[in-house]
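The next block holds one structure in the form of structure tokens; read it before the comments.
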Amino acid sequence: MKEQVIVSTELFQWLNEQTDLTSNQVDLVDGFVFMLHKINKHSSIRLIGERKLHPRFWRTHDKTFGYRLMGKKKKHIALLYQFYIDVAYAEKLVYSNDDALFLTERGKIYLKMHREDQLETLFQHIW
């Protein structure tokens, strides 16, 4: 049985604010795939707590996607990034030991899937 991912109303509100009604593009999946590619590229990513990646990891996301969810002064992980981590664990795309996060074989398969299928996986945890 899959682990349940809790999605906050604040995340829904933020996603609605980001939606471009004139475009079919959804960068929700792009950010998730970017995270998985980065974990795969580095073999492992340092954890600073249970299911908590170092904020420096997320600042790269902020710069790449222009989200500005993490700043040097912000100490909490943005809801979007926590959602990404929770889905990755629920789908068994990642695993961790005491201080590092790793991509699983299932995670590598996910990276090879069609974009629509990747997005469907994320939507299953939202709806």
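Once the range 20-54 is narrowed to residues that are modelled with pLDDT under 65 and loosely packed, with under 12 Cβ neighbours inside 10 Å, the residue that is nearest to the chain's Cα centre (by Cα) is GLN25. The residue that is surrounded by the most Cβ atoms within 10 Å (Cβ to Cβ), counting only those in the range 82-127 that are free of Cβ contacts under 8 Å to residues at least 40 places away in the same chain and either polar (S, T, N, Q) or in contact with a Phe, Trp or Tyr (Cβ under 8 Å, 6 or more places away or on another chain) (or both), is GLN82. Considering each residue of the range 58-77 in turn, at least one proves to be assigned to a helix (DSSP H, G or I), modelled with pLDDT under 90 and aromatic (Phe, Trp, Tyr).
The values are calculated or read from the model by the stated rules, or taken from the named source; none is laboratory data. Since the structure is predicted, the reported quantities are computational estimates derived from the model, not experimental observations. As a convention, Cβ positions derive from the backbone with ideal geometry for all residues, glycine included, and neighbour counts pool all protein chains shown.
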